1. Take the conditions within 19 Å of residue 245 (Cβ to Cβ) and modelled with pLDDT under 90 and apply them to residue 334. Does it pass?
2. Looking at residue 61 and the list (1) open to solvent by 40 Å² or more (accessible area, probe 1.4 Å); (2) at pLDDT 95 or above; (3) under 26 Å from residue 129 (Cα atoms); (4) not polar (S, T, N, Q), which single condition is not satisfied?
3. Any idea how many residues of the stretch 341-361 are open to solvent by 70 Å² or more (accessible area, probe 1.4 Å) and in contact with a helix residue (DSSP H, G or I) (Cβ under 6 Å, 6 or more places away or on another chain)?
4. What about residue 231, is it open to solvent by less than 40 Å² (accessible area, probe 1.4 Å) and not in a helix (DSSP H, G or I)?
5. Could you give every pair whose Cβ atoms fall below 6 Å, whose first residue belongs to the stretch 101-123 and is touching a residue at least 12 places away in the same chain (Cβ under 8 Å), and whose second residue is small (Gly, Ala, Ser) and surrounded by 20 or more Cβ atoms within 10 Å (Cβ to Cβ), counting only separations of at least 6 or pairs across chains?
6. With the structure loaded, tell me whether residue 24 is under 16 Å from residue 91 (Cα atoms), open to solvent by 50 Å² or more (accessible area, probe 1.4 Å) and in contact with a strand residue (DSSP E or B) (Cβ under 7 Å, 6 or more places away or on another chain) or whether it fails that test.
7. Pull out all pairs, ordered by first then second residue, where Cβ-Cβ is under 9 Å, the residues are six or more apart or on different chains, the first lies in the stretch 71-86 and is touching a residue at least 60 places away in the same chain (Cβ under 8 Å), and the second is in a helix (DSSP H, G or I) and of a type outside the set (A, V, I, L, M).
Amino acid sequence: MAEKQLKPGWKVWRFDQIATNVNERVDNPSESGMEHYVGLEHLDSDSLKIRRWGSPDDVEATKLVFRKGDIIFGRRRAYQRKLGVAEFDGICSAHAMVLRAKPDVVLPEFLPFFMQSDVFMNRAVEISVGSLSPTINWKTLAVQEFCLPPRSEQQRSLRVLTTATHFRESQRDAQLAADTACRAFLAHSFPAALLGSASYRTSGPIRKLAELAEVRTGLALGRKVAPQKTVSRPYLRVANVLEGALDLADVKTVNVGCDEAQRYELRDGDVLMTEGGDFDKLGRGAVWRGQVSGCLHQNHVFAVRVDPSVLNPDYLAAMARSPHGKRYFLSCAKRTSNLASINKKQLSSFPVLWAPMRQQLAIAEQVAAFDLAEVSLRERIMGANELVSGVLNSFVEGWA
């Protein structure tokens, strides 16, 4: 078998010949003199644009200084494919690397694209160490070898990559705008400060959820059942329940008794609300529409079965994910470290801002329109990601 040969003009370089690891540290972020702090949570997967940031006053411990034009690369959990190009000076998490292109080898504008490629990202995952939070060490990354095209070819490819990326980022910006609009509408309809305020007396009566619906706990996994009495059924976990939507790409199955299968089976119109997990997962609301036949729900997911003559399920789901809902759930949740949970009694006492059915439907329909727009934009972003990935990978394959 013949050995692979590089394309004409391409060369193999160690990564420390391609980029510099900028290791300027600050021990007291609040005294750094910077206005921006970028953590890994502020970086979007498969996006070079930094859309969010925090304040140095909000963080402690040692951070890294970056300058405008530097690349912030998430060296922890590299499989999340997080890196962004700084458009301002600031400090970032020490779980990132601050990288600066060596222009004699690679154009500074081309390097971020190269690092987004499967060639680079797959290698980054391979050299990560650790099981819970796999992390890349600079010494290991520095000696990795990659082939790059000549600068003239890098320049030509930038025109195509920039155009494709601009389209993708415009879709992300539109999605962010839709999400922001939806959150603003929910905050207006169900403000966090509403609880206990005089506004409740003027907006409408407050009813406990248990007065309007049946709160149903789910199936506890791991119980032994006689083999001849079991049936295999799909079931939903916390991971399947998102805010206002369901992720049914990975629905697991369980063997249960026939009576349990009947008891925990979901019905069309059930509002799924999560018992706990990370703070952002607490109480998420989404309506079940019978997408998977015979589906059950695990005990970490409540099924709220409303009386549709007095409470619209989509209205309740919107309220659960609103500032009012989040504030209530966090106020009564049991917290441990960064996790929180609520029980059936607390959910049954959830204060529902009841409104006439016409008003409930109007709010539910508006939230549904926002959600539909976001779903459409997510699909377009997936298509744009495939486009950028295909173009990018074609430009970084240096073997003839």
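The values are calculated or read from the model by the stated rules, or taken from the named source; none is laboratory data. Just so it is clear, the model here is predicted, and its values are computed rather than measured. Don't worry about glycine lacking a Cβ; one is built from the backbone with ideal geometry, like all the others, and counts go over all protein chains shown. For the accessible areas, the whole protein counts, side chains as well, though only heavy atoms, and no ligand, DNA or RNA atoms are used. Shrake-Rupley method; radii C 1.70, N 1.55, O 1.52, S 1.80 Å.
1. On the way: within 19 Å of residue 245 (Cβ to Cβ): no; modelled with pLDDT under 90: yes.
It is false that residue 334 is within 19 Å of residue 245 (Cβ to Cβ) and modelled with pLDDT under 90.
2. Of (1) open to solvent by 40 Å² or more (accessible area, probe 1.4 Å); (2) at pLDDT 95 or above; (3) under 26 Å from residue 129 (Cα atoms); (4) not polar (S, T, N, Q), only one is false for residue 61: (2).
3. The qualifying residues number 0.
4. Numbers: open to solvent by less than 40 Å² (accessible area, probe 1.4 Å): no; not in a helix (DSSP H, G or I): yes.
Spelling it out, it is not the case that residue 231 is open to solvent by less than 40 Å² (accessible area, probe 1.4 Å) and not in a helix (DSSP H, G or I).
5. Once the first residue is touching a residue at least 12 places away in the same chain (Cβ under 8 Å) and sits in the stretch 101-123, its partners that are small (Gly, Ala, Ser) and surrounded by 20 or more Cβ atoms within 10 Å (Cβ to Cβ) give 101/19; 108/101; 111/101.
6. Numbers: under 16 Å from residue 91 (Cα atoms): yes; open to solvent by 50 Å² or more (accessible area, probe 1.4 Å): yes; in contact with a strand residue (DSSP E or B) (Cβ under 7 Å, 6 or more places away or on another chain): yes.
When the stated conditions are applied, residue 24 passes them.
7. Between residues of the stretch 71-86 that are touching a residue at least 60 places away in the same chain (Cβ under 8 Å) and residues that are in a helix (DSSP H, G or I) and of a type outside the set (A, V, I, L, M), the close pairs are 75/138.
Table: residues versus (1) within 30 Å of residue 256 (Cα to Cα); (2) open to solvent by 10 Å² or more (accessible area, probe 1.4 Å); (3) free of Cβ contacts under 8 Å to residues at least 24 places away in the same chain; (4) of a type in the set (S, T, N, Q).
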site	(1), (2), (3), (4)
285	yes, no, no, no
297	yes, no, no, no
318	no, no, no, no
323	no, yes, no, no
332	no, yes, yes, no
339	yes, yes, no, no
